[in-house]
Structures are given as C-alpha cells and as structure tokens.
1. With θ set to phi - 60°, apply the Karplus curve 6.51 cos²θ - 1.76 cosθ + 1.60 along region A:307-321 and write out the HN-Hα couplings as whole Hz, x wherever there is a Gly or Pro.
2. What length, rounded to one decimal in nm, is gained on full extension from A:Lys391 through to A:Glu357, with 0.36 nm per residue of separation minus their alpha-carbon distance?
3. If we count other beta carbons within 10 Å of each Cβ, what is the order of A:Leu871, A:Leu909, A:Leu318, fewest first?
4. I'd like to know which of A:Pro56, A:Pro81, A:Ile94 lies farthest towards the positive end of the charge dipole of region A:10-99, counting +1 on Cβ of Lys and Arg and -1 on Cβ of Asp and Glu.
5. Specify which residue in the list B:Gly109, B:Val93, B:Thr125 is farthest towards the positive end of the charge dipole of chain B, using unit charges on the beta carbon of Lys, Arg (+1) and Asp, Glu (-1), about the Cα centre.
6. Using a basic spin-label model with each label point 7 Å from the Cα along Cα→Cβ, how many nm lie between B:Gln30 and B:Ile126?
7. Using 0.36 nm per residue, how much length does the chain from A:Met950 to A:Asn13 gain when fully extended, once their Cα-Cα distance is taken away?
8. Could you tell me which of the pairs A:Lys477/A:Lys925; A:Lys47/A:Lys390; A:Lys477/A:Lys719; A:Lys390/A:Lys474; A:Lys124/A:Lys412 are separated by over 31 angstrom between their Cα atoms in the structure shown?
Amino acid sequence: MDDILGEFIAETNEGIELLDGELVRLEQNPDDPELISHIFRVLHTIKGTCGFLGLPRLAALAHAGENVLGQFRDGSITVTPTAMNPVLEALDRIRSFVATLEETGEEPSGNDSDLIEELNRVAKGEDAGVKLASDEETERNGQHTQEDLYTRIGGLSSIDMAVEIFYERLLDDDRVKEYFTDVNMDRLQGMQRAFLSMVLGGPDEYEGRDLRAAHEHLVEKGLNDEHFDVVAAHLLGSLVELDVPEDVVKAMATKLESTRSDVLNKPSDPIEVTEEVHANQESQNVDEPSKPQTPSGGESKKASARTIRVNVDVLESLMTVVSELVLTRNQLMQILRAQKESEFASPLQRLNQVTSELQESVMQTRMQPIGNAWSKLPRIVRDLAQELDKKIDLVMKGAETELDRQVLDEIKDPLTHMVRNAADHGLETTEERRTAGKSETGNIILNARHEGGHIILEVSDDGHGLDTDRIRDKILKNGLATESEIENLSEQQIQQFIFKPGFSTATNVTNVSGRGVGMDVVRSNIGKIGGTVELSSSAGKGTKFTIKIPLTLAIISALIVESGGQRFALPQNSVIELVRITSNSTHKIEMVKGTPVLRLRDRLLSLVNLKSLLEIENQGSQNETYVIVTQVGTQMFGIVVDRVFDTEEIVVKPVAEALRNLPIYSGNTILGDGSVIMILDPIGIANVNGVSTSGEDSYEESTEDMAHLREKTSMLIFKAGQGAPKAVPLALVSRIEDISLDDVENAGGQPAVQYRDQLMPLVTLTKDQQPFKESKQPVLAFSDRGRSVGLVTDEIIDIVETDVSVEMKTESNGLIGTAIIGGTATDLIDTTHFLGQACDDWFDVQRESSFGDTGEKHILLVDDSSFFRNLLTPILESAGYKVTQADNGANGLEICQSGESFDLIISDLEMPIMDGFGFVSHVRKETQFEETPIIALSSHASPEDIARCMEAGFTSHVEKLNRETFLSRLKECFAERRKAA
Amino acid sequence: MSTLAPIQSTSTIESTSNIEEYLSIFVGGQTFGIPVLKVQDVLSYQRVASIPLSPPQIRGSINLRGRIVTVIDMRILLELDPFTDEQKPMNIVVEHGSEAYSLLVDEVGEVIELNVNDCEPNPATIDPKWRELSNGLFRLDKELMMVLDIALIANWSEEA
C-alpha cells in the first residue's frame, strides 16, 4: 500500500505541476478543447486514485474542481479569471494535502465545504463571470437536434455527475456490490461515461470492443434480469437526483429496456451498462489518446511505455558509483601511461571508452529540461498580475535546454524570486505603461541557452528599469555608503547595490516582495552552485538579469597545483590566467609592507600566497613560482603557488562535517593516483584574505562591491622626511625597489642608481631628508617616456583604497596638497615636480616633441574631484598648457558660454549636477566649441562606455591616471585639429 | 596487553539483547571500547593527506576504497602525548551519519561481549574532556574500559 501511496503522491505532484501551467494557458486560450480535455483528465485521474486510496477529502475537492472543468469543456460556462480562481485554489489545496500526505501518510483533517461550495456555484454558472451557454452549446453540438437525449440530459457534465451518483449507489447495493470488488472504479467510470454519451448520441465515441470479453465473462457468471433491473433503477435514480426532466428519464428508461435482451443474451453486443466492465481491467486496451473522452487510465499508460519512474536516490547512487568508476579508470590510465608496453593497453583503452560513454549516459539521466524549473512560473505570474492589477505576458524561450537535476533544484528558488521581482518591481501598472506610451501588457522574458559548459539564463522585463534615485536614497538610509561615496558612483555601480543584504526598492512592502529576502540571497544561492548573476538596466526600457550557471556540479574540471609539497585542486572556471615567475622573468612579485603584489600589464594585482594562507612550512627555496590569476565576482587577485600540474576532471565530494567551517575549501576529491586532495574555493580565499583592501570591512567591500571600489583610488602611503605621511596614487608608481646604499652612484652631482640599463636619478622629497640612513631603503620609481626618477622614501606604510579629496592646498614645491587618508592628514605628492627636478631637460624634451606649433594652448578641465583637478593641472601646466578648471558640467558650460576661448576641453564623465554626457551635448549644441576636441576622462571604461562617449559628442576617451596615454592623446587631438584646420 | 574479562556465565541466562560487543582499543596506555557495530574497518598504518588549517585533532584524510575518510588523532583528541614520528598508529574506521571517520589509535585489542547493564557512569573526578567523549565505563578484570561514543567524537570534532 505504501508503494501505491508513494506512486500516487509522485503522480499527483507531477499532475498538479502540469495543471498549474495548463490552467493559465486555458485562461488565455479558453477555446482549446484539447487543453480542456487534458486538464480534465489529469484532475480526474487524481480524483479517481484518491477514491481508490480512501482519501475522501482530496477526492471531494478534486471532484468539485472536475465539475467546473466539465462545465468549461461543455461550454456551459466560459473560462474567466473569476471562474478560474477557485479551481486554482482547489489545486493549491490539493497540493498542500499531498504534501501532508507525503509527510504523515494521512491526509489532513478538515473541511473544504467553503471551497467546494464555491466551485459548485461556479459549475452551476452562478458566478458573475459565467454565462449560461445553452445557445452556444446547441451550436457546438449542432448535429444533435433539440430532441436529442444527450442535450436534454444536460450534456456530458450531467452524465459525469450521474455516473458518480450511480456508482455510489451501486457500491452500496448488496445485490450487485460483489461485482465491484477489485475493480478500478475510476477506469470503470470513465468507460461508463463514454459509453453513456455514445448511447445517448453525444459527441464522444466509445470503442466498446473491450467490453465484449468482459460481458461474456459476466454472463457466464450468471448475470440475470434482476441485476439488470437493479442497475437500471440506480442509473435512472441518479438522473432523477440530478433534476433531469421527467420525460428525459423516461426516454432513458425505454432506451435501457431496449438493451435488456442484448445484454443478457448476446454477449457479442457492445451494449450493457456496467457490470460487464468489471473483469476486464487487465485486458484493457488503449484508446486513441486524441479522442477527448478516453478513459483516464489509457493515455498515461501509453505515454509511460517509453519512460519509467525511477527513484532519485537510485540515480544518485548510480552517479556516485559511476564517479568512482571514472576515478578508478583515471587511476588505471595513469598507471598505463607509465608503462611503455603493456598487454593491458588495449583492454584498458576499451574500458576507458566505455567508462566515458557510461558517464555520459548517466549524466544524461540527471539532465532535465530547464522548463521543469519554470513550470510553476506561469501560475505565479498570473496570480501576481491579478493581485497587482497589471497585464503581464510571460515568454519562455529555450525551455528544452537541459541541465543537471541538482543545479535545476538549486536554481528554482532564485529564479522564482527574480520573476516575482520583475512582475512586482520591474513592470509598471497598466496605467503607467499607457502614459509611458508602451503597450499595456508588460513582458517578462525567460531565455535559456547553452554556452560552453554553462547555461546562460536571462530574466528580463520591459518595465521601467531600476530607479537609481530610489536606490541611492536607500543606500544612504541604510548607511551602505556615504553621500560623497555615492556621488562618485556611476548609475551602473549604484544599481549593483540591490545585491546588498536587506535591500528592497519597493516603496511599499507588498504581499509579493519586499519582505527582506532580496537579491543578496539570490546572488548567494547562485554563487553556491558556482554561478554568477549580472544585471543591466536602462531607465524606461527594462531590466535584465543574466545568470550563468555550470551544467553540472558533480564532475568539474580542475587545475591541480602544489604548494609546500601538498597538492590542491582549483576549479578551472575560476582560473583566468597563469603567470610563471622566475628570478629573471619580467614579472616579479613585489612587496608592499609585507603584502605581495604583482604588476600585470596595466594593473596591480593583490596576491595571496597559498603557503602562508594555509600555514604550510616552506620546503626549500623556490626559484620559480606561479601566480594563478583568479576572478571572484568583478575582483581579480592572484594566488601564489609553487607548481602547476595538469588539468584533471575531478569528482567533487563534500568535505567532512568537521571541516565545513574552513571557507577556503569547497570540497575534496580523489585524484587518479588515489591520493586525497582538497579543492580550494577562490571565493573563500578572497573572503578570508580580505584581498585588495586593508579596511576593516574589507570582506564586504572586496567581494560585494568591487564596482564601488574601482571608483576609489589606490594610494600608496609612505614616509619620507619630516612631517605628515606622504601619499601618491599607486597607478603613478611604476615600481617599488629596495635600493641599498652601495648601489648608489654619483652622476653629475646627483645621486643615481643603475636601473634597467639606465641611470635613474634619485631625489628626496625635501632638502632636509637624509638619503639612505639605512643600508636598504624603498625607492618609488616614477617613469615617463622611457625615463625614470627614484623618490627615496624612509618607509612604505600601506596601500589604501580611498576617495581622495584635497583639504588644503600647499604652496610648497612637490606637494599638491593635504588630504585625510585613513584618518591621518597626508601630503599628496606631485610626481611631475620630481620628474622635472631630476632632469632639467625633461619638459623641454616634452615641449618640443609635443607641440610643433607655437603659442600657449588653453585647456578647460572639468572634473568634480578636486584631487584629480589638482593632479592633472600641474601635469598639464608643466607640459605647457594654460588650464582653467570647472568642478561640474554646469559650471563648465557656463565658462564655455562666457566667451573665453579654449583649444581643448577635458571632461570627467561622472559628475554631480550635470554629467559629462550632458555637458558635451550642451557644449556641442549651444556654444562656439562645436568643433573643439573634447576628451572624456574616466577611471575605467568598457567598450560600451567608449561608444557612448563617442555618441555623445566626445572626440576621444582617455583613462584617468594613465599619464603617458593622457598626454599623447592630447597631442593626437591637437595634431588632428591642425590637420583639419 | 592485558587480558580481558570473559563473559560472565550469568549473562547467558539474561536476554541476549542486553549483550553488546565492543572492540577494545588502546590509546596512550588506556583501554577504550567502541561498539563493534559502529566499526567499519580496521586498517594498519595509512599515509594521511593532511588538511592545512584543520583543527589539530584532525590529521587529514585517507582514501578508503574511493571514499574519503576524515582521520581523527585520538591522542590529540584525548589530550595525551602526540604520536611520535616512528609510531605507526592503527586506523579504526567508524561510521557516523553519512560520514566516515578514522580514529588513529596505538593498538587494537579484541572484540569482547559485555552486558550493557554492567556499564557504569563515569566517575565525576575523571578528566572533563574524557567525560565529554564517553558515556560510561566497564570494569573489566584487570582494568577499566571507557566506552567511546562515536557521535560525541564526531560532534566534538565538528565543534572544534
């Protein structure tokens, strides 16, 4: 019995899930008869099985729901949302019953008379949204005359009910009861219904051949007049109970009577009513499934011929065993590789191949179409649309895209949440859409596709996009960032805040969302399965989330690395590149106050030494190491290891309970050679190490909010001479060298060292600073145009990510001003000054090469950050330009309109009051500078950003803090201008 | 090695359900017992792959026929002198929940049948740490045998 119950639960759950979607479809296509019949059948099966298993509450509810559907099908009531609501509610209740049933083995006690009453009311057409459809029915069954018994009885729904009552009565009747023991009543009723409909001239056809055998059997068993009378009486009684008009009942009686002789004497005739069915359940054949009135058992049987239900546990254990087999295979192959010639070679190759095939097939059994995770969504969206009074279309593309069952399970909840969000926050109300000139119906589009070893899943809506202002307010309210920090953030960066814990932009907490479970949970859930979420939103057009998840979790490709004599696995998908570092390679690990960093192309990479992270003893000296460049979210960092081996397919096994609190491991595995190794988790490593920031909440910032961080400037803080600590933007420092006194030579009265085959002059910050008090001192090398100058420092203190604002300007040479960094007043170094100080001819060279023409160029510099204005102005001035400053777009525009003339304009992009885009378009349209080169300045730029700049009217785009390209870009602009002129 | 008490003749009269079999093990001179039904395997010395940053009593993990087993150093867990490098501890693989643990012990004794009713509560004066890992002891002929509770050991390792 337990097995049957389990089967029932599984089947019912499947059925309900199917119905959810189908009912919503029905609402949209109320005239699809096939859909209605299908829904009807599913519900009917549930009802039938419930009755069989002795679950009266479920059965009653399913029955009431089925009645309504019967009316839909007959067209006696039309499908409307109001009529549909109780049906959906009944479905929900059935679902909860089944859940209870699954837990306790019993259906919950209680009473559903309220809902059943409502369903019955709908079924009787009493609901507002329901019309009496006698006309339509006549039309539908046009071939039947008004005298047709079928129509007069009240169509199939009446027959349905009559059959129900009829069987209740039959089963209570001692005279015939015995015939029904061991009979599948559900199937019997289905056949009976079809049969009656046929006899009465209804639209349903009935294949009676199955009955013949049964009939024969019954007659042999002693079917007699008395039985026939009993059955006929019950049938007619049922009709009377249903208030079928008297004349119809009489006609029915006559009809029945006419079949008496056939039933009792000629077994070959496919006529009699009921008893004949009972013995034939075994021999039942399958009717054509397309026929609308197929007895419920038939179709599922046919459909199941090619599929079987397998317990998930069985599949799981199969997967485990295959994983082991794969490992053993790997092990064998490794042994084989070590042997030059072996008689095992060819059978092992064969084994190898078969194992791969097996692995693939087993993986296949775990694959499910992503549509399975979507099946609940149409219903959710439909309910939401009603609740929120919006019109929403849910479009699902690529539902057949397959992915691992486990991944599918994990993605279900985040996905549901995102679709809810899209419906609730994303889409506007009908009213708002109309005002905005959009179609009234909003769209939510789900799109899934394969891409490499990943599934790309997009959830997009065509709503109003994210409200950046509201997000900004919320950020301030929740204290997630300060006002000044926000000022420097781009729209996109502000939008990223929705992934922060406790963030919901809905002004009102609705029933639907805004309950504190936010996108942070979504992101972390997706992160758990190795996926990522990205967000793009444009105001008025909509929002799009792109989720990238791996196809499977069970077997991953991993890079095997060694550190301190121990091997570890690192998931391949988090590895971006490998950098080999030897004593004479171009890449070197540099130390900043004990923190290793690596200059890789144009960026400075924070490094984590695996050995020190894992507290492994260093074994011997290494003359080469490897840096594994890893990306976590948007943040990149390097992991330093001793050796890198191969990439291997590994089976991820969870770590023991006792080790779960070690965030740096995501699992462990057994390699081909049988050894157990730990799988490193890059996310955990980044978190543990607080990579890239030295602030207290480094974890928060480093992982959650790199976008926000990038806007800040990395400042190198050091000590040199007396007074406050000094700071210089890290990006301006090309190298930090430890230089010992012995290496210092005297060149032309100036201390210098040999550096990269050149002589690098050394300068001190102030005259009083004693160079080389100690034998070794850190020297900051600034490079420009192939020449370097070394600034001697006493001590490197730290690297700090900060937003710099100059508090106090200084007149003293070599300083831009003073800023507060990390709570301490810090002097900002003007690197240009030192470059000039070291080589007198420096700027002469530059002037000559930069400007063939004479005459001072006038540049307008628009930037909201006083730090950058103060940084750039001396650079520009020392290069021979005259500079006028403005602190935002509006000011800049004013200056432009004041009649002053400029040869070139440089503008920041993100500024308060008027941003760079606004500024440039105004300048182009409203001032005499429609041809003047305007250079966009930003701290980071994607190709899209650059394209946007060009579109807005900028001539060129340059990255902040890149002095060389900055100056050369200026030169280019002038050169082009000259050519044009 | 000490001899162990034979089953008392009276025990045969009592219902067999009270009889439980214990595997006796020796750690740092003390005898402990583990319910035999919990024991999966007894292995000779195995090379253990260490797990950096793991708590001290977790030695690492071993590969037992394709299954990863977490190795717990009983000497450390019981706060005894650690194993020296020359010592080759034995592995007792036990099952707890869905996970397998291997306990590193000095030596393995034999399986003895004992009447559960004879199990006495740990004296209050005993090392509190030991009391955390055991829920009673048996008085054998020549010595005391503390019964180790696998669940307690596993849970303790988790907390650590």
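Read-outs: derived from the displayed coordinates by stated rules, not from any lab. Everything numeric in this text was worked out from a predicted model, so none of it was measured. Every residue, glycine as well, gets a Cβ built from its backbone with ideal geometry; the counts of neighbours run over all protein chains shown.
1. Once rounded to whole Hz, the list reads 10, 10, 8, 10, 4, 4, 4, 4, 5, 4, 5, 4, 4, 4, 5.
2. Roughly 7.4 nm would be gained on extension.
3. Numbers: A:Leu871 28, A:Leu909 24, A:Leu318 16.
By the 10 Å Cβ count, ascending: A:Leu318, A:Leu909, A:Leu871.
4. A:Pro56
5. B:Val93
6. 0.8 nm
7. Residue separation times 0.36 nm, minus the Cα-Cα distance, leaves 331.7 nm.
8. Checking Cα-Cα distances, A:Lys477/A:Lys925; A:Lys47/A:Lys390; A:Lys477/A:Lys719; A:Lys124/A:Lys412 exceed 31 Å.
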